[in-house]
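A.B. asks: Before we start, here is the structure in question, set down as structure tokens.
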Amino acid sequence: MSKGTIIKVSGPLVVAENMRDANMFDVVRVSNSRLIGEIIEMHGDRASIQVYEETSGLGTGEPVESTGEPLSVELGPGLIGSIFDGIQRPLDDIMKICGNNLDRGVEVASLKRETKWHFTPIVNEGDEVTSGDVIGTVKETDIVLHKIMVPYGIKGKVKSINEGDYTVTETVCVIETEKGDKEVTLMQKWPVRKGRPYAKKLSPDKPLITGQRVVDCMFPIAKGGVAAIPGPFGSGKTVTQHQLAKWAEADIVVYIGCGERGNEMTDVLNEFPELIDPHTGKSLMERTVLIANTSDMPVAAREASIYTGITIAEYFRDMGYSVALMADSTSRWAEALREMSGRLEEMPGEEGYPAYLGSRLAQFYERAGRVITLGKEGREGALSAIGAVSPPGGDISEPVSQATLRIVKVFWGLDASLAYKRHFPAINWLTSYSLYTDLLSKWYAENVDENWMNYRGRMMSLLQDEAELDEIVKLVGMDALSPGDRLKMEAARSIREDFLHQVAFDPVDTYTSLQKQLLLMQLILMYYDLSKEAIDKNASIDVLAGLPIRESIGRFKYVKEDEVQKEYDRIVNELKKSINETIGKENG
């Protein structure tokens, strides 16, 4: 264990000498207050330490002690439903010790040591096991079955394994290996900066169904995919992430509040326990891990919170679960990198951000993916990462947004003007994109409808036509358009208001199944096609635009799932009848 002394304090950066025996990324305890820090640079026996707590009052000559271990997280039963800070200290336990104020140097175990969990073995004595094999299970919540896996690097024969109630530190299994007996507990540790290994990465060709129409239909994300939600203040980044956390087809949700304002994180903490998980009918917290690192916590801890979150997410992915990771927001993390880089006196890159900003973001996002896990049975797990970006003033030409866009495959560009018009989700259909569309088209064709991508393409082209026609309307007015162009404008308005606009607080509209999305697309396009034919037969565009049946199409999204088909058939009959009547009137 290396012991040194402080020679410089500069905000979250502390420089200590006589640290020759320490290694890069070792966790250290700084000063007599025993603040947690991490070595981020070594020059001879001098270590530059990033301190994850407030450093005011520290002075030179105070001791620094290395633990000899990298910054690691504890992985085991007790993660689900917990609320941690950026370095995986449980906030409820800290509160018991020091009340509402976060004192410095608090040492708390990440996973509760006194809680007993019932362990049920699924292998027998004498069985051969290897890294990643499941040796038993713990029922962590009503929803989550926690699989206890053989830690990485251990392979051998099960010498003893017993069912019973254990704490996370008690031995549940002994494995006989070539290097002697290894004891396995319910908990394992993993360094946060190192991605957890897997057997094979799979192609992202299955969609992550979210029930949000603008996402599933227009800009889908694959299971194991990466997406960015950039947008200015107040455009709905956090609300969109809440919706995705609630409704996405994920077994586990890891939500990282990275440097967000305290009240936003408070919303999450208050809302999530009360939210009912639509898939199981239980509280959403029974499959959620929260990492709260609000803006009044030290800047440096933002970086740790991002790595802590993704390592926990990888652990559940290794069990064969589909995990959705929400990082809100990576801009705060980048600002922390910028501050540390400045204090280390490194050569700055664009706008003062470090030159390695892009590679750090890439290292984070590349840990997402759909994989075959280690172990003999080779489970399939997926980790989808969705990062919010908060560009100043909504200007996405700034470095963090640009570096993120080079990495992610889905861009959901939030638009303040849409948010002000109360259009939710405020995802701009003209600037957003998804590069997974081609990969996912086969899945949609096989599992929903072979014309899905065709309908999507037609709706996108109508919206683009509307944007072009809108310029003409602004100049010379709606009357200057031909009936065909006016019909395009009407159809596009229907797509915007009836399809893309979704009410998050409406019990029916908050989630739309793929089948219902398909029927709604068909109704809007059917109205357009039949009206186009009617215009060719001299029907009046004013009459077609004002048909009462359009109200039924607009209200279709509020129809309950079990009544959807019946209502669809009624609207189709009514639609054909009313349009035929308009042709009859004109030609009568």
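A.B. asks: Which pairs do you get when a residue that is at negative phi and without any contact (Cβ under 8 Å) to a residue 24 or more places away in the chain, found in segment 418-437, comes within reach of a residue that is assigned to a loop (DSSP other than H, G, I, E, B) and of a type in the set (S, T, N, Q), reach meaning Cβ atoms under 7 angstrom, with the pair 6+ apart or on two chains?
C.D. replies: none
A.B. asks: What's the total number of residues in segment 483-523 that are open to solvent by 50 Å² or more (accessible area, probe 1.4 Å), farther than 23 Å from L430 by Cβ and more than 30 Å from the chain's Cα centre (by Cα)?
C.D. replies: 1
A.B. asks: Another question, if that's okay. I'm trying to understand the selection: among the residues of segment 248-278, which are open to solvent by 40 Å² or more (accessible area, probe 1.4 Å), within 26 Å of H501 (Cβ to Cβ), out of contact with any Leu (no Cβ under 8 Å at 6 or more places or on another chain) and in contact (Cβ under 8 Å) with a residue 12 or more places away in the chain? Before you say what the answer is, go through the steps one by one.
C.D. replies: Restricting attention to segment 248-278, the residues satisfying the condition of being open to solvent by 40 Å² or more (accessible area, probe 1.4 Å) are 249, 251, 261, 263, 266-267, 269-271, 273-274, 276, 278.
Going one step further and asking which of them are within 26 Å of H501 (Cβ to Cβ), we end up with 249, 267, 271, 274, 276, 278.
Checking which are out of contact with any Leu (no Cβ under 8 Å at 6 or more places or on another chain) leaves us with 267, 271, 274, 278.
Listed by number, the residues that qualify are D267, E271, P278.
A.B. asks: Right, another one. So, in segment 128-144, exactly how many residues are within 21 Å of Y166 (Cα to Cα) and loosely packed, with under 15 Cβ neighbours inside 10 Å?
C.D. replies: 2
A.B. asks: Just a yes or no: is a residue in segment 185-193 under 19 Å from the mean Cα position of the chain (by Cα) and in contact (Cβ under 8 Å) with a residue 12 or more places away in the chain? Quick ask: steps written out before the conclusion?
C.D. replies: So in segment 185-193, the residues under 19 Å from the mean Cα position of the chain (by Cα) come out as 192-193.
Filter again for in contact (Cβ under 8 Å) with a residue 12 or more places away in the chain, leaving 192-193.
The answer is yes; a qualifying residue exists.
A.B. asks: Here's a follow-up. Which condition from (1) surrounded by 21 or more Cβ atoms within 10 Å (Cβ to Cβ); (2) under 30 Å from H279 (Cβ atoms) is the one that C173 breaks?
C.D. replies: Of (1) surrounded by 21 or more Cβ atoms within 10 Å (Cβ to Cβ); (2) under 30 Å from H279 (Cβ atoms), only one is false for C173: (2).
A.B. asks: Output the number of residues of segment 152-166 satisfying the condition of being of a type in the set (A, V, I, L, M, F, W, C) and part of a loop (DSSP other than H, G, I, E, B). Even if it seems obvious, please write down each step before you answer.
C.D. replies: Step one: list which residues in segment 152-166 are of a type in the set (A, V, I, L, M, F, W, C), which gives 154, 158, 161.
Applying the additional criterion that residues be part of a loop (DSSP other than H, G, I, E, B) yields 154.
Total satisfying the criteria: 1.
A.B. asks: Got a sec? Which strands (runs of 3 or more DSSP E) wholly within segment 180-233 have at least 2 residues that are open to solvent by 20 Å² or more (accessible area, probe 1.4 Å) and under 27 Å from W117 (Cα atoms)? Quick ask: steps written out before the conclusion?
C.D. replies: Working: elements: 180-185, 188-191, 200-202, 226-230.
The qualifying strands (runs of 3 or more DSSP E) are 180-185, 188-191.
A.B. asks: Quick check on this structure: which one of S341, S305, S329 is over 30 Å from A250 (Cα atoms) and polar (S, T, N, Q)? Spell out how you get there, then give the answer.
C.D. replies: Numbers: S305 fails: over 30 Å from A250 (Cα atoms); S329 fails: over 30 Å from A250 (Cα atoms).
Exactly one residue qualifies, and that residue is S341.
Here's the yes/no breakdown for (1) open to solvent by 50 Å² or more (accessible area, probe 1.4 Å); (2) touching a residue at least 24 places away in the same chain (Cβ under 8 Å); (3) farther than 19 Å from L344 by Cβ:
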residue: S2; (1), (2), (3): no, yes, yes
residue: I6; (1), (2), (3): no, yes, no
residue: V9; (1), (2), (3): yes, yes, no
residue: V15; (1), (2), (3): no, yes, no
residue: N18; (1), (2), (3): yes, yes, yes
residue: A22; (1), (2), (3): no, yes, no
residue: N32; (1), (2), (3): yes, yes, yes
residue: E41; (1), (2), (3): no, yes, no
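A.B. asks: Something else: Can you pull out the residues in segment 43-59 that are part of a loop (DSSP other than H, G, I, E, B) and either open to solvent by 50 Å² or more (accessible area, probe 1.4 Å) or of a type in the set (A, V, I, L, M) (or both)? Lay out the reasoning, then the answer.
C.D. replies: So the first thing to find is which residues in segment 43-59 are part of a loop (DSSP other than H, G, I, E, B), and the list is 44-45, 52-59.
Residues satisfying the conditions are G44, E54, S56, G57, L58.
A.B. asks: Checking the conditions here, which among I571, I472 is of a type outside the set (S, T, Y) and closer than 21 Å to V448 by Cβ? First the steps, then the outcome.
C.D. replies: Numbers: I472 fails: closer than 21 Å to V448 by Cβ.
That would be I571, the only listed residue that is of a type outside the set (S, T, Y) and closer than 21 Å to V448 by Cβ.
A.B. asks: Moving to a separate point now. Hey, any hits in segment 332-342 for a residue that's at pLDDT 90 or above, in a loop (DSSP other than H, G, I, E, B) and either under 27 Å from the mean Cα position of the chain (by Cα) or under 23 Å from I256 (Cα atoms) (or both)?
C.D. replies: No.
A.B. asks: Another question about this same structure. From E563, E551, E567, E581, grab the single residue that is among the acidic types (D, E), in a helix (DSSP H, G or I) and surrounded by 16 or more Cβ atoms within 10 Å (Cβ to Cβ). Outline the logic, then answer.
C.D. replies: On the way: E563 fails: surrounded by 16 or more Cβ atoms within 10 Å (Cβ to Cβ); E551 fails: surrounded by 16 or more Cβ atoms within 10 Å (Cβ to Cβ); E581 fails: surrounded by 16 or more Cβ atoms within 10 Å (Cβ to Cβ).
Answer to the selection: E567.
A.B. asks: Something else: Somewhere in segment 361-371, is a residue assigned to a helix (DSSP H, G or I), touching a residue at least 40 places away in the same chain (Cβ under 8 Å) and open to solvent by 30 Å² or more (accessible area, probe 1.4 Å)?
C.D. replies: Filtering segment 361-371 for residues assigned to a helix (DSSP H, G or I) gives 361-365.
Now restrict to residues that are touching a residue at least 40 places away in the same chain (Cβ under 8 Å): 361-362, 364-365.
Narrowing the set further to residues that are open to solvent by 30 Å² or more (accessible area, probe 1.4 Å) leaves 362.
Looking through segment 361-371, at least one residue is assigned to a helix (DSSP H, G or I), touching a residue at least 40 places away in the same chain (Cβ under 8 Å) and open to solvent by 30 Å² or more (accessible area, probe 1.4 Å).
A.B. asks: Would you mention how many residues in segment 461-472 are touching a residue at least 12 places away in the same chain (Cβ under 8 Å) and either crowded, with 17+ Cβ neighbours inside 10 Å or among the small types (G, A, S) (or both)?
C.D. replies: Going through segment 461-472 one residue at a time, the tally reaches 5.
A.B. asks: Additional query: Can you report the number of residues in segment 60-94 which are hydrophobic (A, V, I, L, M, F, W, C) and open to solvent by 10 Å² or more (accessible area, probe 1.4 Å)? Break it down stepwise before answering.
C.D. replies: To start, the set of residues in segment 60-94 that are hydrophobic (A, V, I, L, M, F, W, C) comprises 64, 71, 73, 75, 79-80, 83-84, 87, 91, 94.
Filter once more, keeping what is open to solvent by 10 Å² or more (accessible area, probe 1.4 Å): 71, 80, 83, 87, 91.
So the answer is 5.
A.B. asks: Within segment 138-149, does at least one residue satisfy the condition of being over 25 Å from I291 (Cα atoms) and within 34 Å of the chain's Cα centre (by Cα)? Outline the logic, then answer.
C.D. replies: Filtering segment 138-149 down to residues over 25 Å from I291 (Cα atoms) leaves none.
Scanning segment 138-149, I find no residue that is over 25 Å from I291 (Cα atoms) and within 34 Å of the chain's Cα centre (by Cα), so the answer is no.
The values are calculated or read from the model by the stated rules, or taken from the named source; none is laboratory data. None of these values were measured; they are calculated from a predicted model. Neighbour counts are summed over all protein chains in view; Cβ atoms, including those assigned to glycine, are modelled from backbone coordinates with ideal geometry. Just so you know, the surface numbers come from the protein's heavy atoms only, side chains and all, with ligands and any DNA or RNA stripped out. Shrake-Rupley method; radii C 1.70, N 1.55, O 1.52, S 1.80 Å.
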